[in-house]
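These notes concern the structure reproduced below.
The values are calculated or read from the model by the stated rules, or taken from the named source; none is laboratory data. The model shown is predicted, which means the values in this text are computed figures rather than measured ones. Positions of Cβ are generated from backbone atoms using ideal geometry, with glycine treated the same way; all protein chains shown enter the neighbour counts. Note: accessible area is taken over every heavy atom of the protein model, side chains too, but ligands, DNA and RNA are not part of it. Shrake-Rupley method; radii C 1.70, N 1.55, O 1.52, S 1.80 Å.
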Amino acid sequence: MSELQAVSQGMAEVVKTVNSSIVRIDARKRVPATGVVWSTEGVIVTSHHVVRRDENISVGLADGTTVGATLVGRDPTTDVAVLQLNDGELTTPTWQSFADDAVGVGQLVLALGRPHRTVQASLGIVSALDGNWRTPSGGQVDHYLQPDLVMYPGFSGGPLVSANGTVLGINTSAILRGNPITIPTPTISRVVDALLAHGKIQRGYLGVSTQPVRLPANLAEALGQKTGLLLASVEPNSPAEKGGLLLGDTVVGLNETVIRHHDDLLAYLNGGRIGAKVVVKIIRGGQHQEVGVVVGERT
């Protein structure tokens with residue numbers, strides 16, 4: 001057998017290995033989408049944007065049977081949704097933990113989908129791999145993983161699979177228009193745990209809108225940062241108003257965390273901050289001041 005034949009046979013075996021863990025998601029009009037078995041207890045992960053309805057969701061299994069599913073919850077910021085099957089025998093794939101260096105740019109990968117009864121595949125490579133990044137809608141993703149391959153209709157929510165048969169994450173075409181992105185296993189795990197526990201992703205809330213501004217030279221030198229966040233609005237009865245923040249204040253820090261950009265604020269206001277009192281460091285009237293604000297929960 002030639003090397004090319006061996007590679008071809010190997011990739012076909014990978015599809016066979018993962019096939020039973022890939023399901024069809026019927027939760028929107030027209031083309032169904034794809035999901036992946038997360039646990040044998042009936043938990044399925046897929047893309048948020050392909051789940052257009054909250055009820056009357058059905059899932060097609062690899063053996064051809066169709067079962068009902070309940071929407072557990074969704075996180076639009078990472079484009080992940082979690083479903084709970086009402087019945088069915090499930091097989092869990094091996095999910096890549098990213099704890100080692102098993103993933104690298106240039107490695108062969110397969111995007112798999114089941115928009116119809118049988119599984120479909122698209123071959124490509126890992127085009128880009130980097131560390132933490134934030135999606136345009138504010139979701140925190142553990143690894144920037146971009147495959148170079150064709151995402152056929154109905155492939156969103158399906159797995160990106162390495163040459164050794166491990167699932168690296170689920171693919172989506174909705175986060176970066178025109179570029180397929182893979183939401184990696186560590187991010188999926190965090191989102192699944194939160195949705196199973198709370199039915200939603202808990203996020204902190206201050207009740208402000210902001211825009212980045214450059215600090216005056218003397219303040220920038222004194223604080224060791226060039227930019228902060230100007231409060232363009234403060235919502236009535238919000239945690240920010242109750243804590244004494246005013247329109248026109250410039251936020252430069254939260255506790256010991258430096259705030260330079262809006263992403264810094266979003267990253268700080270995770271679910272663990274809800275109910276906590278934080279020291280908001282601001283510039284008001286050209287003077288450095290501090291006010292205490294109790295973080296609320298975004299609804």
Item to check | Lone unmet requirement of (1) of a type in the set (S, T, N, Q); (2) assigned to a strand (DSSP E or B); (3) open to solvent by 10 Å² or more (accessible area, probe 1.4 Å) for Thr17 | outcome: (2)
Checklist entry - Name the strands (runs of 3 or more DSSP E) wholly within segment 212-299 that hold at least 3 residues that are open to solvent by less than 20 Å² (accessible area, probe 1.4 Å)? => result 227-234, 250-254, 277-284
Next on the checklist: Given the criteria farther than 28 Å from Lys16 by Cα and either at pLDDT below 95 or outside any strand (DSSP E or B) (or both), does Ser189 qualify?
Outcome noted: no
Checklist entry - From the set of residues in segment 117-136 that are in contact with a Phe, Trp or Tyr (Cβ under 9 Å, 6 or more places away or on another chain) and among the polar types (S, T, N, Q), which is nearest to Gly60 (Cα to Cα)? => result Gln120
Item to check | Enumeration of residues in segment 130-149 that are at pLDDT 90 or above and touching a helix residue (DSSP H, G or I) at 6+ places or on another chain (Cβ under 6 Å) | outcome: Val141, Asp142
Item to check | Members of segment 182-203 that are among the hydrophobic types (A, V, I, L, M, F, W, C) and either open to solvent by 10 Å² or more (accessible area, probe 1.4 Å) or in contact with a helix residue (DSSP H, G or I) (Cβ under 8 Å, 6 or more places away or on another chain) (or both) | outcome: Ala194, Leu196, Ala197, Ile201
Checklist entry - Here are some residues: Val45, Val7, Val31. Which one is of a type in the set (Val, Ile, Thr), open to solvent by less than 40 Å² (accessible area, probe 1.4 Å) and either in contact (Cβ under 8 Å) with a residue 60 or more places away in the chain or out of contact with any His (no Cβ under 6 Å at 6 or more places or on another chain) (or both)? => result Val45
Checklist outcome for this item: Per the filter on segment 63-110, residues in a loop (DSSP other than H, G, I, E, B), touching a strand residue (DSSP E or B) at 6+ places or on another chain (Cβ under 7 Å) and polar (S, T, N, Q) are Thr78, Asn86, Thr91, Thr92, Thr94, Gln96, Gln107
Checklist outcome for this item: Restricted to segment 247-299 and to residues being more than 25 Å from the chain's Cα centre (by Cα) and acidic (Asp, Glu), the residue nearest to Pro236 (Cα to Cα) is Asp249
